[in-house]
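Down below is the structure, laid out as structure tokens.
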Amino acid sequence: DAGVIQSPRHEVTEMGQEVTLRCKPISGHDYLFWYRQTMMRGLELLIYFNNNVPIDDSGMPEDRFSAKMPNASFSTLKIQPSEPRDSAVYFCASRPDLLAEAPPDTQYFGPGTRLTVL
Amino acid sequence: GQNIDQPTEMTATEGAIVQINCTYQTSGFNGLFWYQQHAGEAPTFLSYNVLDGLEEKGRFSSFLSRSKGYSYLLLKELQMKDSASYLCAVRGSARQLTFGSGTQLTVLP
């Protein structure tokens, strides 16, 4: 299994530009999560999907952030317009609904996208 | 809501034992996870506790006391490669994880 795949791994952009982060979850996983990690605030849940449907987006900072999951194998997180305070590492994670081999609700993380907004 | 506290940093010597504590106050509790995160990498699953007591897995052990809202991760025979951030995460009533800010462990030779 290839694990959770994220792209790009690094993104440097200028303030005001649109940024799109991409995620491919592990095949067969019903849940997909977007997290943001900074030194100041740690790992924060932004939004999560179940069977491609957004369930809880209360962690999305503001209207500049949006996320979609058009199918079971692809999700995007978009920031428009981007600001310097959005600089962080953005992780995507997925998990199956039930898995006998692991503790329930164990999440599997992608390698992350390091975003720098100048 | 969820509130999770763990020390920001710890330092220990190679070969020693270190205990990383985590306290939590949550509106619902259905288990506690420990994740390891090396610099520049993704968090990876280490251990899980849902009942009180100690879970041992090789050099790593994790303890839970639900009545005290307390857990610890015990690392024995420390190795240089154990230098990483250790994240405590609570699985709440909604079955999602809330993470602590992490404890950065530095292992010195």
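Residues that are more than 22 Å from A:Arg9 (Cα to Cα) and at the interface with another protein chain (Cβ under 8 Å from one of its Cβ atoms): does segment A:82-93 have at least one?
The answer is no; no qualifying residue exists.
Take the residues in segment B:17-51 that are assigned to a strand (DSSP E or B) and among the aliphatic types (A, V, I, L, M), then tell me which one is nearest to B:Arg95 (Cα to Cα).
B:Leu32
If I ask for residues that are touching a residue at least 12 places away in the same chain (Cβ under 8 Å) and open to solvent by less than 30 Å² (accessible area, probe 1.4 Å), which ones from segment B:38-53 would you list?
Residues satisfying the conditions are B:Pro43, B:Leu46, B:Ser47, B:Asn49.
Within segment A:8-39, how many residues turn out to be within 14 Å of another protein chain (Cβ to nearest Cβ) and surrounded by fewer than 15 Cβ atoms within 10 Å (Cβ to Cβ)?
Total satisfying the criteria: 4.
Filter segment B:77-94 for residues that are surrounded by 15 or more Cβ atoms within 10 Å (Cβ to Cβ) and outside any strand (DSSP E or B); which is modelled with the lowest pLDDT?
B:Gly92
Cβ-Cβ distance below 7 Å, separation of 6 or more or different chains: which pairs start in segment A:45-64 with a residue that is at negative phi and within 13 Å of chain B (Cβ to nearest Cβ) and end on one that is of a type in the set (A, V, I, L, M, F, W, C) and open to solvent by 30 Å² or more (accessible area, probe 1.4 Å)?
A:Leu46/A:Met60; A:Ile47/A:Met60; A:Tyr48/A:Ile55; A:Phe49/A:Ile55; A:Gly59/A:Leu45
Name the strands (runs of 3 or more DSSP E) wholly inside segment A:40-118 in which the number of residues that are open to solvent by less than 30 Å² (accessible area, probe 1.4 Å) is 2 or more.
Output list reads A:42-50, A:65-71, A:74-79, A:88-95, A:113-117.
So if I check each of B:Leu64, B:Leu73, which one is in contact (Cβ under 8 Å) with a residue 40 or more places away in the chain and open to solvent by less than 50 Å² (accessible area, probe 1.4 Å)?
On inspection, the qualifying residue turns out to be B:Leu73.
The values are calculated or read from the model by the stated rules, or taken from the named source; none is laboratory data. Computed from a prediction, not measured in an experiment: that's the story for all the values here. Cβ atoms come from the backbone with ideal geometry, glycine included; neighbour counts cover every protein chain shown. For accessibility, only protein heavy atoms count, side chains too; no ligands or nucleic acids. Shrake-Rupley method; radii C 1.70, N 1.55, O 1.52, S 1.80 Å.
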